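Below: the structure, in structure tokens.
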Amino acid sequence: MNASLSSPRLLLGASALGVLGLFLLSFLVGPYPIPPATVLRVFLAQLSLAERGWSEAVEMVVLDVRAPRIAAALLVGAALACAGAAYQNLFRNPLVSPGVLGVSSGAGFGAALGILLGLPGAAVQGMAFALGLVAVGLTVWLGRSFDRHATLVLVVAGLVVSAFFQALVSLTKIVADPLNQLPSITFWLLGGLTRTTPATLLGALVPIAAAGLVLHALRWQVHALAAGEDEARALGVNVRRVRIVLIVAATLMTAAATSLCGIVGWVGLLIPHIVRMLVGPCFAIVLPMSALLGGGFLLGMDNLARMAGTVEVPLGILTSLIGAPFFALVLARTRRQWF
Amino acid sequence: MLTRRAALAALLPVPAVAQGRTVTDMAGRRVALPARIGRVVTLGSLPVLNSFVYAMGEGATIVNGLADFARPHWKFQGVFAPQLAAAPPMQLPTREPNVEAILLARPDVVLTMHRESVELLAKRGIAVVFLAWRRPEEVKACMAVLGEVFANPARAAAYTDYFDRTIARVARAVAGAPRPRVLYLQPDTLTQPRLIAEWWIPAAGGASVTDDGRSSESRSFTLEQVVLWDPDILIVTDPRDVAFVQRHTVLARLRAARAGRVLVVPVGAHTWSNRTAEQPLTVLWAASVFHPERMRGIDLAAETAAFYRDIFGHALSDAQVAEILSGTM
């Protein structure tokens, strides 16, 4: 097995270097002109390794405007891509996205409700997270009450729950005050990282990191599951338990990511595809590779959003504009069966 | 549904149209009107249209109420036209006219800035006057049309005269003064929500940082762009926005926030920063905060009270004037 993985491992290492490069370059993107050397010195100054010779605005732009957004883009992209990869493995269906069980619609309704109630930003994030989990809970409950074992039923239940929460989102938009609340709800649903603060970032980081570790720990069992439930059982995998843990972990990640940045589509669908195209279907490699490419993709998109002049294009629009045709291209190039 | 509406329309008495009285609206349509306008329906942005009607001294003729969301925002609408509190809204949440409610209200005229509503209602025999306010000073053209609608051109001319005198007075007062850099901001979505602010900010002797000759109503931008602009003055439309700015990790450190120059726009019949007949007061207010030293001779509270008394025909208490100027919603 090690021999067959050597090339994927090389790709993983190269991707890590690529994302690191993009991460560093991202600090140079933005309308505020700051020379690369100054950016470096701002960071060194935090460690008392450089003298401060710049305005407070420069430091604010590097540390409080760019850094949280860059970190959030990496985190959200990684979370959505990993959750997408996990769901696609679970349902053995490459067309499944992290929103399949209704988490995005639930989170969207939670945020819209929070804005409607006039709650502060962190509470809106909390509402989005909680309602995202509630939506998936409903989906799982609904699916199990029809058929305890069929995964397809779960997908249908997800459609039902999504439609229900989308209707609730529309309802909040109708009753929202069109002066302040409606624009806030609309911007939230379009997705973006402008609202990121260190506190909201930390709020999302904890569940995403925890769920990521769980997925990592289960990587071989998830891989076995992709071959089929009977095969996995034959290999000693507790299929029911792995499926439940997988759903919980992927949902936690998606809910936390969505609550941080709103609804950003296509990352969770597109990235796992590209990853499997590059490194094959082994989940143990797909997972870290998805994290890297997902983070890198969203960071690149957010850089584009920040670069596109003084007008900011919402991130969710960009990922869809670029992700959708790219996905079509990927599909056209690879007609192979993944699982 | 259509036939039911048509049947309903046929049952209702048609308002009497006086011989020969027609008004040309801002779409160039000739609209037949009764001699005396006693019942008016406004459709679209009600605070804007109602402010015109108040400036004509005809607030008592409005028969449609504000949408539920709007009532707390613009409570002075209820001061200028107390009957609005009990009046039913006549547009749907989608802002389309509620045709049945309008037919039932039997208006003498409907005032709107929506082209689609014009066709929809004119087809059903309702007199509709279209008003347009795209370029800043078209407010004067709107008032001229309303002068014809209410058969009181002298009152419209008095408004126009006040408008021109006020803008000229401010221009003289701030002439030659260095222009502070101003950002009119909706802080939670990082947008400049009103194109008209690109007119009243320079008219008051300020330089709007978002003025790039755009034609779209709102403009959004990045947080970093705001840091790059680092304006001298931030203008917001809600006192809660001031608290938002002060709590924000980045906005709170802008020059304007540190100098305590995050200012809330006053709210009367409408938020003064939006299109409203109160726009001369917007320019006076903005000039007084941009250039306090140049505007020292002007008592903003007295000017405000005089505007509502002379133009709207409504005497306000000192407390009400103070409330308007505080921008409290």
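All of the numbers you see were taken from the coordinates with simple rules; none came from a lab. Since this is a predicted model, take the numbers as computed values, not measurements. Here Cβ is always computed from backbone atoms with ideal geometry, including for glycine, and neighbour counts include all displayed protein chains.
How far apart, in nm, are two points set 7 Å out from the Cα along the Cα-to-Cβ line at A:Ser170 and at B:Glu100?
2.1 nm
Under 18 Å between alpha carbons, and skipping anything fewer than 8 positions from B:Lys123 in its own chain: which aspartates and glutamates qualify?
Cα-Cα hits under 18 Å: B:Asp25, B:Glu96, B:Glu100, B:Asp108.
Compute the distance from the alpha-carbon center of the range B:170-246 to that of the range A:130-171, in whole Å.
Taking the Cα centre of each part, the range B:170-246 and the range A:130-171 sit 45 Å apart.
Please report, to one decimal in angstroms, the Kirkwood hydrodynamic radius of the range B:2-159 built from all distinct Cα-Cα pairs.
In the range B:2-159 this quantity evaluates to 15.8 Å.
To the nearest 20 debye, what is the magnitude of the charge dipole of the protein assembly as shown about its Cα centre, counting +1 on the Cβ of each Lys and Arg and -1 on the Cβ of each Asp and Glu?
Using Cβ point charges on Lys, Arg, Asp and Glu, the protein assembly as shown gives about 1200 debye.
How tilted is helix B:153-174 with respect to the longest principal axis of chain B? Cα atoms for both, answer in degrees (0 to 90, nearest 10).
Tilt relative to chain B: about 10 degrees.
As an exercise, use a Förster radius of 60 Å and the Cβ-Cβ distance of B:Asp161 and A:Val160 to find the FRET efficiency, rounded to the nearest 0.05.
0.40
For Cα pairs less than 8 Å apart in space and 6+ apart in sequence, what is the mean separation divided by the residue count of the range B:119-235, i.e. the relative contact order in percent?
Averaging sequence separation for qualifying contacts and normalising by length gives 22 percent for the range B:119-235.
Just how far, in whole angstrom, is the range B:66-80 from the range A:48-84 if you go by their alpha carbon centroids?
43 Å
Per residue of the range B:109-116, what does 6.51 cos²θ - 1.76 cosθ + 1.60 with θ = phi - 60° give for ³J(HN,Hα)? Whole Hz please, x for Gly and Pro, Karplus curve as stated.
8, 10, 9, 8, 10, 9, 4, 4
In nm, give the distance between the simple-model label positions of B:Ala151 and B:Thr328, each being 7 Å from the Cα along the Cα-to-Cβ direction.
Going from the B:Ala151 label point to the B:Thr328 one covers 4.3 nm.
Below 8 Å, C-alpha to C-alpha, sequence gap of six or more: please give me the relative contact order for chain B in percent.
Computed over chain B, the figure is 18 percent.
Using a 10 Å cut-off on Cβ to Cβ distances, tally the other chain neighbours for every residue of B:185-196 and report the average as a whole number.
Other-chain Cβ atoms within 10 Å of each residue's Cβ, averaged: 3.
Which whole-percent values make up P(r) of the protein assembly as shown when all C-alpha to C-alpha distances are grouped in 20 Å steps starting at zero?
Binned Cα distances yield the sequence 17, 40, 30, 12, 1.
Which is farthest toward the positive dipole end of the range B:177-326 among B:Pro280, B:Val209, B:Val265, measuring Cα position about the Cα centre, with Cβ charges +1 (Lys, Arg) and -1 (Asp, Glu)?
The residue sitting most towards the positive pole is B:Val209.
Take the alpha carbon atoms of the range A:219-270, find their center, do the same for the range B:270-329, and report the distance between the two centers in whole angstrom.
Comparing the Cα centres of the range A:219-270 and the range B:270-329, I get a distance of 60 Å.
Could you line up A:Cys261, B:Cys142 from fewest to most neighbouring Cβ atoms inside 10 Å?
Lowest count first: B:Cys142, A:Cys261.
What shape does the range A:138-180 have by the C-alpha gyration tensor, where a ≥ b ≥ c are the square roots of the eigenvalues, rounded means a/c under 1.5, and otherwise prolate means a/b greater than b/c and oblate the rest?
It is prolate, given that a/c is not under 1.5 and a/b is the larger ratio.
For chain A, set up a Gaussian network in which alpha carbons nearer than 10 Å are linked by springs, and say which option among A:Glu56, A:Glu312, A:Glu231 fluctuates the most.
Looking only at A:Glu56, A:Glu312, A:Glu231, the biggest GNM fluctuation is shown by A:Glu56.
For peptide A:174-185, compute the average count of partner chain beta-carbon atoms within 10 Å of each residue's beta-carbon.
Mean number of neighbouring Cβ atoms from other chains: 5.
As a check on your grasp of the helix formula, calculate [θ] at 222 nm for the protein assembly as shown: sum -39500 (n - 2.57) over DSSP H runs of n ≥ 4, divide by the residue count, round to the nearest 500.
Only helices count here, giving -18500 deg cm²/dmol.
If you take each beta carbon of peptide A:24-35 and count the beta carbons of other chains within 10 angstrom, what is the mean?
Taking the mean over all residues of the peptide, I get 2.
For the modelled label position 7 Å from the Cα of B:Ala171 along Cα-to-Cβ, which residues of the range B:280-298 have backbone nitrogen atoms closer than 16 Å?
Of the residues in the range B:280-298, B:280-281, B:283-284, B:287 have backbone N under 16 Å from the label point off B:Ala171.
How would B:Ser51, A:Ser290 line up from fewest to most surrounding beta-carbon atoms within 10 angstrom?
B:Ser51, A:Ser290
Would you calculate the separation in nanometres between label points at B:Arg124 and B:Asp212, each defined as 7 Å from the Cα along the Cα-to-beta-carbon direction?
So the label points at B:Arg124 and B:Asp212 sit 4.3 nm apart.
Write down the Å³ per residue value for the convex hull defined by the alpha carbon atoms of the range A:2-333.
Given the Cα convex hull of the range A:2-333, per-residue volume reads 146 Å³.
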